[in-house]
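Report on one structure; see the data block that follows.
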Amino acid sequence: MNLPSIDKAHLIKFLTSLLATPSPTGRSEPAIELVAKELSAYKSLEFSRTRKGALVAKWSGKSREAPRALTAHVDTLGAVIKEIKSDGRLKMSRIGGLQWPNVEAEGVWVLASKGERVRGSVLIDTASGHIFKDGNATPRDDDHMEIRLDARTSSASETRALGIQVGDFVVFDPRVEVTNDFIRSRHLDDKACVAILISAIKSLSDNGQTPSRDAYFLFSNYEEVGHGAAAGIPAEVHELVTVDMAVVGPGQESDEFHATLCLKDSSGPYHHGLSNKLRDLAEKNNIAYKTDVYPFYGSDGEAFWRAGGDVAVALIGPGVDASHNYERTHMDALVATTQWVIAYLLNE
Ligand SMILES: [Zn+2]
């Protein structure tokens with residue numbers, strides 16, 4: 001089978017616009033809207049929304065038999081305001097597996113619930129090197145990290161007057177950079193894979209092709225807290241391929257230039273039959289892939305399994321270095337994963 005070509009320029013363009021659209025779990029509607037707008041160009045897709053806010057796109061295939069689903073999540077790590085301090089600065093409560101050292105000195109927006117968004121930055125509470133002799137000794141934790149707002153406030157009441165309340169969302173600058181086909185940004189997990197699904201749809205559509213079976217695409221919005229795809233996969237679906245980042249680092253097989261088939265993660269093994277089918281497809285289509293096991297990792301496929309989903313579940317994705325930190329991947333991994341999704345959709 002000859003796979004259709006992939007529009008890499010479009011993939012990067014959409015990915016960078018998605019990365020620039022803040023979408024912490026719980027406030028991911030703008031990213032869902034962006035995906036919906038992008039996909040609205042494809043007249044063969046039918047759309048629905050779950051009550052929880054996820055987007056489902058259906059592409060009717062050549063056969064009604066054993067429909068398939070693929071999923072990727074738009075939501076990301078982030079934080080909410082936990083406390084407004086007496087000096088006007090803000091303490092945060094983390095969303096998902098955010099690591100404090102990785103956002104120290106980062107620019108943020110506080111999405112004030114009662115006013116305009118407010119700019120600021122994250123600092124330790126012993127930031128000045130001319131006052132605190134050993135800032136290195138300060139623990140980077142919930143108690144010592146704070147937001148300094150770029151607004152005239154030195155009291156809790158002045159901060160509240162900006163429209164900021166406890167529970168308001170905080171989004172961190174993604175710092176997107178594309179150099180030599182490397183893509184460096186926060187939140188490639190899992191926006192890279194959202195862009196991959198869209199790229200696969202575009203590639204098939206541009207080439208006048210249709211999936212061999214009915215296919216559903218679930219763009220989920222609560223993955224980082226463990227229940228994204230727990231709802232939203234239609235009951236008639238037989239197989240679910242979760243598309244999420246592969247873990248790169250010491251001890252891992254995955255790298256930034258391949259797609260990975262994950263065979264086991266923290267929740268246990270994936271479906272052997274479906275994993276083998278994907279492996280065969282990669283071999284037959286010369287797709288650059290690895291197999292791997294992820295140490296501290298859960299996926300939306302498992303969320304659906306735990307919610308009672310009676311389907312075969314597998315997990316593929318591009319290698320992402322420094323995940324949940326300042327992430328990086330390469331175009332080669334994005335292309336390989338897109339090819340894999342296409343090969344799966346076309347497979348009889
Ligand atoms: Zn993810």
Whole-Hz Karplus ³J(HN,Hα) for segment 229-244, in order, using 6.51 cos²θ - 1.76 cosθ + 1.60 and θ = phi - 60°, x for Gly and Pro? 8, 4, 10, x, 8, x, 5, 7, 5, 9, 9, 10, 9, 7, 10, 8
Between 0 and 90 degrees, rounded to the nearest ten: what's the tilt of helix 331-346 against the longest Cα principal axis of the chain? 40
Members of K37/K277; K191/K290; K52/K284; K8/K284; K114/K191 lying beyond 27 Å, as alpha-carbon distances in this model show: K37/K277; K52/K284; K114/K191
Simple spin-label estimate for D141/S113, 7 Å along Cα→Cβ, in nm, reads 2.8
Carbon plus sulfur fraction of accessible area for segment 247-348, probe 1.4 Å, in percent: 49
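Using 0.36 nm per residue of separation minus the Cα-Cα distance, give me the extension gain between A20 and T126 in nm, one decimal.
35.1 nm
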Mind jotting down the three principal axis lengths of segment 1-153 based on Cα atoms? Whole angstrom, largest first. 69, 36, 27
Convex hull around the C-alpha positions of segment 94-138: the volume in Å³ per residue is 97
Nearest-20 debye value, segment 107-169 charge dipole, Cβ charges on Lys, Arg, Asp, Glu: 260
Once you keep just the Cα pairs under 8 angstrom separated by 6 or more residues, what percentage relative contact order results for the chain? 24
How large is the dipole of segment 201-348 about the Cα centre if only Lys and Arg carry +1 and Asp and Glu carry -1, each at its Cβ, rounded to the nearest 20 debye? 180
At q = 0.15 Å⁻¹, the log10 of I(q)/I(0) for segment 207-275 from a Debye sum over equal Cα scatterers comes to -0.70
Taking a temperature of 10 °C and a viscosity of 1.306 mPa s, what whole-number D in µm²/s does Stokes-Einstein yield for segment 187-327 with Rh from Kirkwood over alpha carbon pairs? 102
If we restrict to alpha carbons, what Rg and Dmax does the chain come to, in Å? 21.0, 70
Rounding to the nearest 10 and keeping the result within 0 to 90°, find how far the Cα-based axis of helix 188-206 lies from the longest principal axis of the chain. 40
Work out, step by step, the length gained on full extension between E348 and N286: first 0.36 nm times the residue separation, then minus their alpha carbon distance; give nm to one decimal. 20.5 nm
When Lys and Arg each count +1 and Asp and Glu each count -1, what net charge do the other residues less than 14 Å away from R328, Cβ to Cβ, add up to? -4
For segment 263-348, the per residue accessible area (1.4 Å probe, Å²) is 39
Enter the accessible area per residue of segment 169-236 (Å², integer; probe 1.4 Å; all protein chains in place). 31
Kindly provide the helix-only [θ] at 222 nm of the chain, computed as the sum of -39,500 (n - 2.57) over DSSP H runs of four or more divided by all residues, to the nearest 500 deg cm²/dmol? -7500 deg cm²/dmol
For segment 110-187, calculate the relative contact order in percent as a whole number, restricting contacts to Cα pairs under 8 Å that are 6 or more residues apart. 37
Just going by the charge dipole of the chain, with Lys and Arg at +1 and Asp and Glu at -1 on Cβ, which of L90, T153, G317 is farthest out on the positive end? T153
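Let me spell out the model: positive unit charges on the Cβ of Lys and Arg, negative unit charges on the Cβ of Asp and Glu, origin at the Cα centre of the chain. What dipole size does that give, in debye rounded to 20?
I would put it at about 780 debye.
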Would you grab the residues whose amide H sits under 5 Å from the one on I183? Only those 5+ places off in sequence or on another chain, please, with H modelled 1.01 Å from N. T329, H330, M331
Can you give the extra length, in nm with one decimal, that the chain gains between R160 and A9 once fully stretched, where that is 0.36 nm per residue apart less the Cα-Cα distance? 50.0 nm
How much of the accessible area of segment 83-137, in percent, comes from carbon and sulfur atoms when a 1.4 Å probe is used? 46
Cα pairs beyond 24 Å in segment 126-234, in percent, come to 59
Using 10 Å bins from zero, what percent of all Cα-Cα pairs in segment 16-104 falls into each bin? 13, 34, 27, 16, 7, 2, 0
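The values are calculated or read from the model by the stated rules, or taken from the named source; none is laboratory data. Here the structure is a predicted model, which is why all the values come from computation and not from measurement. Neighbour counts run over all protein chains shown; Cβ positions are idealised from the backbone, glycine included. When the accessible area is computed, the model is the full protein with side chains, heavy atoms only, and any ligands, DNA or RNA have been set aside. Shrake-Rupley method; radii C 1.70, N 1.55, O 1.52, S 1.80 Å.
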